[in-house]
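No value in this document is a laboratory result; all are computed from the given coordinates. Everything numeric in this text was worked out from a predicted model, so none of it was measured. Cβ placement follows ideal geometry from the backbone for every residue including glycine, while neighbour counts extend to all protein chains displayed.
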Amino acid sequence: MSTWRKKAAGAAGILALTALLAGTWWAYQQTQVRDVPILMYHRIGDEGQSVWWVHVADFEAHMRLLRDQGYSSILPADLVAHRRWGKPLPRKPIIITFDDGYLNSLENAEPIMKKYGFRGVVYLVTGKVADSPATRQTMEGTPCLTWPEVRAMHKRGTLTFGGHTQNHVNLAAMDDPYHEIRG
């Protein structure tokens with residue numbers, strides 16, 4: 001075997017060993033339980049002045065900063081799959097949530113999240129989700145989503161949905177919270 005071929009074979013062996021070690025290290029890292037930050041929002045809009053409101057420009061700044069810092073959104077199901085079965089997570093995962101199911105998650109949050117490539121979860125107070133815009137309900141003076149809006153948002157895929165009780169009650173204060181959770 002010529003000297004050139006010996007050097008090429010040696011270099012190929014080193015390269016293969018390096019690739020094997022890097023792949024093994026990557027696989028090991030993916031199985032490690034990692035902390036994942038969870039951002040919880042309630043209302044996104046410019047009409048409120050309480051701690052539960054985040055102004056639209058501020059929310060957009062949050063999403064831009066997350067994108068610029070290399071974060072990738074995941075859903076709670078992704079985190080469960082990671083912890084149970086070792087499903088790989090992005091390098092910098094984050095979960096973005098919205099409590100209560102306000103209409104402003106459709107009008108303000110969804111377009112901004114789509115713009116920056118993020119997904120999130122809206123936790124609905126199901127007793128406040130109406131069947132149509134004509135019967136739209138409010139909670140604490142803020143309009144809530146309707147079932148047709150929820151279905152359309154879910155179909156678009158930027159936001160998915162979970163339950164946040166039926167009537168927005170304190171479950172810890174209830175003797176039997178089953179119906180609130182189930183509803």
- prompt: What is the spin-label model distance, in nm, from T3 to D68 if the labels are put 7 Å beyond Cα along the C-beta direction?
  reply: 5.5 nm
Largest to smallest principal axis extent of the C-alpha atoms in the range 38-152, angstrom: 44, 30, 23
task: Return the whole-Å distance between the Cα centroid of the range 38-85 and the Cα centroid of the range 90-113.
output: 6 Å
task: Please give, to one decimal in nm, the separation of the simple spin-label points placed at Q49 and R156, each 7 Å out from Cα toward the Cβ.
output: 3.0 nm
field: Computed E for K115/W85 - FRET, C-beta separation, R0 25 angstrom, nearest 0.05
entry: 0.20
